[in-house]
1. Pull out all pairs, ordered by first then second residue, where Cβ-Cβ is under 7 Å, the residues are six or more apart or on different chains, the first lies in region 193-222 and is aromatic (Phe, Trp, Tyr), and the second is within 16 Å of the ligand (Cβ to nearest atom) and outside any strand (DSSP E or B).
2. Would you check if Gly144 is surrounded by fewer than 15 Cβ atoms within 10 Å (Cβ to Cβ) and either out of contact with any helix residue (DSSP H, G or I) (no Cβ under 8 Å at 6 or more places or on another chain) or farther than 18 Å from Pro30 by Cα (or both)?
3. Is there a residue being in contact with a Lys or Arg (Cβ under 9 Å, 6 or more places away or on another chain), part of a strand (DSSP E or B) and within 16 Å of the ligand (Cβ to nearest atom) anywhere in region 60-77?
4. If we keep just the residues of region 200-221 that are outside any loop (DSSP other than H, G, I, E, B) and out of contact with any Lys or Arg (no Cβ under 8 Å at 6 or more places or on another chain), which is farthest from Pro32 (Cα to Cα)?
5. If you scan region 46-59, which residues turn out to be surrounded by fewer than 21 Cβ atoms within 10 Å (Cβ to Cβ), out of contact with any helix residue (DSSP H, G or I) (no Cβ under 9 Å at 6 or more places or on another chain) and not in a loop (DSSP other than H, G, I, E, B)?
6. Report, by residue number, each residue of region 89-101 that is outside any loop (DSSP other than H, G, I, E, B), away from the ligand (no atom under 16 Å from the Cβ) and open to solvent by less than 30 Å² (accessible area, probe 1.4 Å).
7. With the condition kept exactly as written, say whether any residue in region 161-172 is small (Gly, Ala, Ser) and either modelled with pLDDT of 90 or more or open to solvent by 70 Å² or more (accessible area, probe 1.4 Å) (or both).
8. Name every residue in region 129-160 that is more than 16 Å from the ligand (Cβ to nearest atom) and part of a loop (DSSP other than H, G, I, E, B), in order of residue number.
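The values are calculated or read from the model by the stated rules, or taken from the named source; none is laboratory data. Quick caveat, the model's predicted, so the values are computed rather than measured. Cβ placement follows ideal geometry from the backbone for every residue including glycine, while neighbour counts extend to all protein chains displayed. Quick note on the areas: whole protein, heavy atoms, side chains included, nothing else; ligands and nucleic acids left out. Shrake-Rupley method; radii C 1.70, N 1.55, O 1.52, S 1.80 Å.
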Amino acid sequence: VAEWKVSPHGAIEKHEDNLWSVPSHLPGRPLPRRMTIARLADGRLVFHDSFAVDDKTLDEIKSWGTPAIQWVTSGGHRLEVAAFKDKLGTKTLCPAESLKKVSEKVGVDGHLADFPADPNVTLETLDGVGKTGEAVMIVKSPDGKRFNLVFADAVMNFQKIGGFPGFVFKLLGFGWGPKVVPIWKRISLTDKEKYRAHLKRLAGSPNLTRIVPCHGPVIDQGPADVLRGVADRM
Ligand SMILES: [Fe+2]
């Protein structure tokens, strides 16, 4: 059984009745990460980029819904997925393109086609991201008025950090603010223009309210313009 080892994390952010997230950092590093949770209409919970959380947080999550599925977004996000599955018994799904890397860490039970049908929560494979098959999770608020996009690595939003860690960070090919980072392009992209076009389509989604990135703060000020800018600059 993989060890359930809780790293320091923040309080639950409640974005919608069916969309929560928990901000944290990679263990021992200044890199922010976020676990995002969608609640399906039948009360089951889907975990996107899962990691261990403290008992109080877990209790609150369990009082909201039934942990059922973890979506492992790619082979790059597999640090605590085995512990998560052991602890919560979640069915574990990942993109077929990432099966090899993900299954080195956790038993995989299926892929995108096995994701449950739900009126408000869907996963859409990103165009041009053929190396990892990374998807975007799309969450409509239950009243249908707001539209949220949840990204793993395809759009990051790191905030500037200084000193030596910041210097190393830049060298590694990341950067500051909402963007498609160079290192991710090398690892994931197979067709830049197809990906750019997909981002622009997503930016045009009616009632786009929020972009929830795994890496960095939620973007809720002018998210459509932000996403168009990200697509233009990549
Ligand atoms: Fe990542």
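1. Going by the 7 Å Cβ cut-off, the qualifying pairs are Tyr195/Leu126; Tyr195/Val129; Tyr195/Leu189.
2. So Gly144 passes the test.
3. Yes, region 60-77 has at least one match.
4. Result: Arg201.
5. Asp55, Lys56, Thr57, Asp59
6. Across region 89-101, the qualifying residues are Thr92, Leu93.
7. Scanning region 161-172 turns up no residue that is small (Gly, Ala, Ser) and either modelled with pLDDT of 90 or more or open to solvent by 70 Å² or more (accessible area, probe 1.4 Å) (or both).
8. Gly130, Ser141, Pro142, Asp143, Gly144, Lys145, Arg146, Lys160 - these are the residues of region 129-160 that are more than 16 Å from the ligand (Cβ to nearest atom) and part of a loop (DSSP other than H, G, I, E, B).
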